[in-house]
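Inspection log for the structure reproduced underneath, given as structure tokens.
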Amino acid sequence: MRKKVAIGLAMILAVGTFSGCGGTDVAGAGASGGTENAGAQNSDAGTKNAASSVFDGELEQNVTIRVLENDTAISAGYFDELIVAFNEAYADYGITAVDANMDQYLDLANDGPYGYGPDVLYQANDIIMQYATGKHIYPLPVEQLECYSQIPEAAWKAYQTEVSGTTYCCGVPVNVQAPMLYYRADLLPENWQDEWDDDKNGVPDMIENWNDMYAFSVARHEANPAQYGYMKSLYDVYFSSGYLFSYGGYVFGDNNTDTEDIGFAAGEAEKGAWVLEQLAGAMNEECIDDTITTNAYSKMANGTYFATMTTPDVYSTFVKELVMEYESQGMATADAKALAEENIVMTELPKLPASGDLTEERPELIDMKAMGGINGYAVSAYTKAPNACLAFIDFATSYEMAVKRSEMLGVAPAREDAAEACGGISEMLYANLESGNIVLMPSVQEVAQIWTPAQTFFTDLAKDAFRGESEKKYQDLEALKEGLTQVDSQIYDAIYTLK
């Protein structure tokens, strides 16, 4: 069966011309022979197609391809299962995939030309597309991949770029990444069904909306100063920007492509900043830096924190930490694992008050938006085996591997059929992506300039919660608006003025 998969892919690759999300006139310049396009024409678009000169349908034989994978996928054992299965399927070709055994944050742009780097890399869309700008990765014939029709347009767009009026894809989506709420179900109040379920829908109120989460956090800390409710490092732009987006903010205009239009202050984004400031007031000063980000696993496990926000791919880490906590109390491993999986709950983000006031009773609630990303695979322009790399990506994005990745790592597949099969969080994230509640990180190189100005603002915002009233930097909504406007100006200057 696996041999047929390999032969089938080789036949697909031999089609001759590939449109690759519309074709391209950009060629890679890697050691694999990625030279300028010899003139092959895409009959549909009438444009040169660089992918056809590299992906020629001839699977390179007796080659080893180095794959740079996500650290969590490696530590959880998924990557081992993936490469063992792939190597078995392609044994007749002598194609072997191995762990690139290097930092997942490798700088391909600087290291690739010197032969140091992976052949296939797994990264978030914003990182991959920065490599596309410098032609460090290949445009791919993605329409020829088995997963193509199962991945939504929004996910493909995260890997699209345009050159000379032609759109092409430089990556293949694997999973949807977006913030989720994590909480300890066993730390809910015993009377939550009476006191914390006003609508009697069987879901605790603090899980459904930020007003009740804030009230619960304050009450939990007042009852025991060593304990907290919701805890999160607020300086982290990836997680905090969603509060701004929920009230009309955005990164770049025109679907994150117009880098002259910067919108962290757009709409009523200051209300989102106010929500963050209020949440900080129910935390401690560790929310100012990355302390909570790094200690959330252990603090959730020992009961210090009730809830936090992070991405689905670290679910297994929370479970592992809680298992160790239970084992330290004398519980058998099997029982500890079952109980940990029951008590670590991951769910969608609570709704926000339209007013931005977390103390408002019976507020009008709105959906919370969140910055998200699409993690996926790309092929280095410096590989000597591009066709073998494409075969690996086709195998790794198959239905079976997408489901296995989700089961082992807790991530949401980009494939619709796999997301439906996995259900739960996967289906929820997939729906949020299609509804627009997940705002994908821009796939343009200018996105690199947003982090420092925004991080500085969020850090100051968190500090305000621990300053005296007269010392606060942001005294009201107007001041918050002004602060966000300065963020926009600083980002603009970083992109266009301070080059």
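Here r is the Cβ-Cβ distance between Glu469 and Glu153 and R0 is 45 Å; the resulting FRET efficiency, rounded to 0.05, is 0.35.
Greater than 22 Å separation of Cα atoms is the criterion. Which listed pairs, Lys200/Lys299; Lys232/Lys320; Lys232/Lys299; Lys271/Lys351; Lys271/Lys472, meet it? Long pairs (Cα-Cα over 22 Å): Lys200/Lys299. Surface calculation, 1.4 Å probe, protein heavy atoms: Arg220 sits at approximately 30 Å² accessible.
Based on Cα coordinates alone, diagonalise the gyration tensor for segment 278-351, multiply each eigenvalue by 5, take square roots, and list the semi-axes in whole Å, largest first.
The three semi-axes for segment 278-351 are 24, 14, 10 Å.
Of the GluC sites (Glu not before Pro) found in segment 409-472, none is in coil by DSSP with at most 15 other Cβ atoms within 10 Å of its Cβ. For a paramagnetic label modelled on Val84 (point 7 Å from Cα along Cα→Cβ), amide N atoms under 18 Å away belong, within segment 372-401, to 396, 400-401. Out of these labelled values of Rg and Dmax of the Cα atoms in Å, [x] 35.6, 147; [y] 23.9, 73; [z] 22.9, 77, which was calculated from the coordinates shown here? Read-out from the structure maps to [y].
Could you tell me which of rounded, prolate or oblate describes segment 363-499, using a ≥ b ≥ c as the square roots of the eigenvalues of the alpha-carbon gyration tensor, with rounded for a/c under 1.5 and, failing that, prolate when a/b is larger than b/c and oblate otherwise? It is oblate, given that a/c is not under 1.5 and a/b is not larger than b/c. If you plug the beta carbon distance of Tyr399 and Asn62 into 1/(1 + (r/R0)^6) with R0 = 30 Å, you get a FRET efficiency near 0.55.
Protein heavy-atom accessible surface, 1.4 Å probe, per residue over segment 384-499: 43 Å².
A crude spin-label estimate for the pair Glu434 and Met102, with each label 7 Å from Cα along the Cβ direction, gives 3.9 nm.
With a simple spin-label model that places each label point 7 Å from the Cα along the Cα-to-Cβ direction, the separation between Ile366 and Asp289 comes to 3.4 nm.
As a test of the definition: which semi-axes, in Å, follow for segment 430-499 when you take the square root of five times each eigenvalue of its alpha carbon gyration tensor? Largest first, please.
27, 19, 10
Extending 7 Å from the Cα toward the beta-carbon at both Glu482 and Ser298 defines two label points whose distance is 4.2 nm. One decimal place: the segment Glu341-Glu420 gains 26.3 nm when fully extended, by the rule 0.36 nm per residue minus the C-alpha distance. To one decimal place, what Kirkwood hydrodynamic radius in Å is obtained for segment 334-421 from all pairs of distinct Cα atoms? The Cα-based Kirkwood calculation yields 17.3 Å. Once you sort the root eigenvalues of the Cα gyration tensor of segment 225-374 as a ≥ b ≥ c, which label holds: rounded (a/c under 1.5), prolate (a/b larger than b/c) or oblate (the other case)? The shape class here is prolate. The calculated FRET efficiency for the pair Asn110 and Thr497, based on their C-beta separation and a Förster distance of 35 Å, comes to about 0.90. Cα-based radius of gyration for segment 327-366, normalised by 2.2 N^0.38 Å, reads 2.06. Going by a ≥ b ≥ c, the root eigenvalues of the Cα gyration tensor, does segment 140-195 fall in the rounded group (a/c under 1.5), the prolate group (a/b larger than b/c) or the oblate group? Verdict is prolate for segment 140-195. When both segment 406-428 and segment 52-71 are represented by their alpha-carbon centers, they are found 27 Å apart.
The values are calculated or read from the model by the stated rules, or taken from the named source; none is laboratory data. Fair warning: this is a prediction, and the values are worked out from it, not measured in the lab. In this analysis, Cβ positions are derived from the backbone assuming ideal geometry, glycine residues included, and neighbour counts consider all displayed protein chains. Quick note on the areas: whole protein, heavy atoms, side chains included, nothing else; ligands and nucleic acids left out. Shrake-Rupley method; radii C 1.70, N 1.55, O 1.52, S 1.80 Å.
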